[in-house]
Amino acid sequence: MNSRTLQIACAVATLAIGPCSLGHAQSSSAGAPAGQTESSWHSPSLRSETVVAPNGAITTRAAVLANEKWGIGAPKRVEQVTEGVYAMRGWGLGSSFAIEAPRGWIIVDTGDYTQAAAEMRAMLEQTLGRKVKVAAILLTHWHYANGTGAWLDKGAEVWGHEHLDRNRNTSSGISVLSGIYQARAAAQFGVFHPRSGPDAFPNQLGFPPEKLLAGSSYQPPTRLFPDGRVVDLVIAGEPVQVAPARSDTGDSVGFYFSRKRMVVINFMVPGGIFNVYTLRGGPYRNPSIFIQDARWMESKNAEFLLDVHGPTVKGEDAVRDAVQRSVDGVQLIHDQTLRLISHGLDGRQAAEQVYMPGNLRGDRENYGQVESHVRQVYNGTLGWFGGDIYDINPLSESEEAARTVQMMGGQAAVRQAATSANAQGGLANWRWTLRLTTLLLDVDANDAEARKLRAAAARQLGQRTSSANARGFYLTEALQIEGAMQVMGQPVTLDAIRRFLGTPTAQALAAASVDENLQFVRYLVDPRKAEGLRQAFTLAVEGDPRLRRLELRNGVLVISDAAAAAPTHFQLTRQGLAAFVLGTRASSAADALTQLDRVLDRSHLMPPGAVESVMKGMKATADFEH
C-alpha cells in the first residue's frame, strides 16, 4: 500500500468511526402543537387539536381554511378579475376562466363534468347580462376538460397540448391502469365518504361521486400546442404566449395574455404546497422540470395571476411573492432531499429530517404532505432501494408478518398491544396501532378485532391531518372496514371500485381506438399460461386502415404494423374486437384468437355485463348518498 492509499484509508476510517450529525431521527417534538410535547417524531401535517367544520367534519384548522386559500368553496360564483376577465369558482377543486377577446370569448378549462360547465356558463351570462359567443377553448391540461360540450359553440377552436388526449386516456380511458388510478383517486378525494358529519370531507379538496360518474362532453383538441416549446399565437384575435408548465401532468401549459399582463397557469401557484407526489399515484413529477418551467412564469412580471388551483392574485408585487413562495417551496423539498441523500439517508429518514420554514409550510400543507414529496424525490433520484440489504431479497410480506407476530408473543399479544395503544390515544399510538394491525391482517385478513382497531386508529389520524390527500385515504380505510362506504345502499371497498372502474364496457371498447383495445389485451397475458407458446397472425379491424401483426412469444404479446396479411389473418368488426378483449367472443378450437384468449388473465375484471348493470341501476336511482 503506497502512502497516498494509506492516507485515504486512514481518512476513511476516521470518518467511519466519527460522530454523525444527521443520523436517523429518534425522538423529536417536530410538528407538535405549541405547548405540547410529542414523544415521537411526526409530520407537522398531523395536529393534535381538532375543530368542527361547517358540515360537521372533525378536522384541523388548516383543512377548514383550505377553501379560502384555494379560491374555491361555496357559494358558486363568477368573479370579475379585471375588465373582460372572469373567474368561475366553487364548482369543484379547479376553477375555470372566461376572457373576452376581439373575436369572441376564450374559455380556459371547461370544468369537471358537463352539468358543472353548463351552470358556469349560465351564471357567467347572467353576470354579464348577455349571451356569450365562445370562439376558443384553451385547456391547461387534461384534468378539467369534461365540460367542453357546454362551451363548444359553432366554429369554436379547442386548443390543448399534443399529448393531452393520450395522457387522459392512460388515466381514465381504455387502459390497464385506469382502474387503479381512478380507485385510488376515489380514496384520496373521499368520493364515497358521507357528505356531512364527522367523516365528511371538510373542504372542496374532495369531490362527490357525481364527478367520477357524471356525464362528460370531452372533445379532443383540434389545435395543438407543441411539446416543450414556447409559442406565440393569436387566438380569437388575442395575442397569447403558450409555454410548458409541467406540474401535475406532462401536458400542462401556461398562458400569458400580454395585453392584460396576465398569467393563467395550472397548479404552479396553488393554494397549498404543490404535490410533488400524490397518494393516488402517477408518473414522477420531477421538481427540476417544475422549477425550470416556472422561470418562464417569473419572467413575465405579471399584474394578474390566475392559477386553476389558487385564488386570484393581483398586483405585480403580490404575484411575484406568490410565485416565489410556491416555486421556492418545491425547490427546497428537492434540494434538501438531495442534500440528505448525500449524507447517506434513505427516503424515510430524509423525510423525517427535512425542514421547511413556517412561512412556506404553515397552513398551506392542506393538500399533500411534505414527507410524501421527499420520499418521491428520493425514489425519483435513486429508486426504491434505500440501502438496507435486507430489502434486496426480503421474506414475503405474509411470512415476515407471521415471524414478527410470533416473535412478539403471537396474535393475541399483538392484538392486545394494538388495543392498548388505540385506547391510550395520541398521534404516536394511533400510528403504532396501524402498524400492528398491518401485521395482524397480513397473518389473517379476516381478523375482526384487528380490523375494528385499524378503522378506529385510521379515523383518528384522518381527523387530525391537515392533508386532504392523507385524510381521504385514512377515512376510506375506516369506512370500508366498517361497511359504511356505500353505493346504492350496498357496502363497497376500494378493491371493488378498482375492478368496476378498471373494467371497460363493450360500448366503450367499440368506441375506442384499435390501439387502445390491443394495448389493453397486451397487459392481460399471463406468462405462466403462455410459457412455451408461440403464435403469430395479422389483424384488420373495421374502419381502421392499418394492418397489425400480433405475435405471442416468450410470455409477451408483441404488436406491430404489418405490410400484408399473414397466412393466418382475422378481419373483425369493432364489436368483434370488443368481444375478444372482454372474453365474450365465441370460441373455436382451431382459432388462433381463441388460442391467444386462453393465455389471458381477466380475473381482476368484473364479469361481462356487470358494469353495464351497475351503471343502469345507478342512473335509475340517482343514489349517490351514503
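The values are calculated or read from the model by the stated rules, or taken from the named source; none is laboratory data. Note that the structure is predicted; figures quoted are calculated from it, not measured. All Cβ positions, even for glycine, are placed from backbone atoms using ideal geometry, and neighbour counts span all protein chains on display. Quick note on the areas: whole protein, heavy atoms, side chains included, nothing else; ligands and nucleic acids left out. Shrake-Rupley method; radii C 1.70, N 1.55, O 1.52, S 1.80 Å.
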**Q.** Evaluation of MET88 against (1) within 27 Å of GLU365 (Cα to Cα); (2) assigned to a strand (DSSP E or B); (3) open to solvent by 10 Å² or more (accessible area, probe 1.4 Å) (one fails), failing number
**A.** (3)
Q: Would you please list the contacts, defined by Cβ atoms under 6 Å and residues six or more apart or on different chains, that run from a residue in the stretch 51-66 that is farther than 13 Å from ALA470 by Cβ to a residue that is open to solvent by 40 Å² or more (accessible area, probe 1.4 Å) and part of a loop (DSSP other than H, G, I, E, B)?
A: ASN55/SER196; GLY56/SER196; ILE58/THR50; ILE58/PRO198
(Q) If a residue must be open to solvent by 20 Å² or more (accessible area, probe 1.4 Å) and either β-branched (Val, Ile, Thr) or without any contact (Cβ under 8 Å) to a residue 12 or more places away in the chain (or both), how many such residues does the stretch 178-213 contain? (A) 1
Q) In the stretch 588-616, which residues are exposed (fewer than 13 other Cβ atoms within 10 Å of the Cβ) and modelled with pLDDT under 90? A) SER588, ALA589, ALA590, GLY609, SER613, LYS616
Q: Please specify each residue of the stretch 91-119 satisfying the condition of being part of a loop (DSSP other than H, G, I, E, B) and among the aromatic types (Phe, Trp, Tyr).
A: TRP91, TYR113
Q. List, please: which pairs have Cβ atoms under 7 Å, are six or more places apart or on different chains, and start with a residue in the stretch 368-382 that is within 9 Å of TYR277 (Cα to Cα) and open to solvent by 10 Å² or more (accessible area, probe 1.4 Å) and end with one that is β-branched (Val, Ile, Thr) and at pLDDT 95 or above?
A. GLN376/VAL276
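Can you tell me how many residues in the stretch 464-489 are outside any helix (DSSP H, G or I), among the small types (Gly, Ala, Ser) and either open to solvent by less than 10 Å² (accessible area, probe 1.4 Å) or in contact with a Pro (Cβ under 6 Å, 6 or more places away or on another chain) (or both)?
Final tally of qualifying residues: 3.
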Q.
Can you find a residue that is of a type in the set (D, E, K, R) and part of a helix (DSSP H, G or I) anywhere in the stretch 378-390?
A. no
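Please determine whether any residue of the stretch 520-529 is more than 23 Å from the chain's Cα centre (by Cα), at pLDDT below 95 and open to solvent by 50 Å² or more (accessible area, probe 1.4 Å).
In the first step, residues of the stretch 520-529 are kept if they are more than 23 Å from the chain's Cα centre (by Cα); the result is 521-522, 524-529.
If we keep only those that are at pLDDT below 95 as well, we get none.
Looking for residues that are more than 23 Å from the chain's Cα centre (by Cα), at pLDDT below 95 and open to solvent by 50 Å² or more (accessible area, probe 1.4 Å), one finds none in the stretch 520-529, hence no.
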Q | Check on SER216, open to solvent by 40 Å² or more (accessible area, probe 1.4 Å), within 15 Å of ASP109 (Cα to Cα) and either of a type outside the set (Val, Ile, Thr) or modelled with pLDDT under 95 (or both) | A | yes
Q. Mind checking whether some residue in the stretch 332-353 is surrounded by 15 or more Cβ atoms within 10 Å (Cβ to Cβ) and assigned to a loop (DSSP other than H, G, I, E, B)?
A. yes
Q: Could you tell me whether any residue of the stretch 414-436 is in a helix (DSSP H, G or I), within 22 Å of ARG280 (Cα to Cα) and of a type in the set (A, V, I, L, M)?
A: yes
Q: Sort out which residues of the stretch 550-585 are basic (Lys, Arg) and surrounded by 18 or more Cβ atoms within 10 Å (Cβ to Cβ), and write them in order of number.
A: ARG574, ARG585
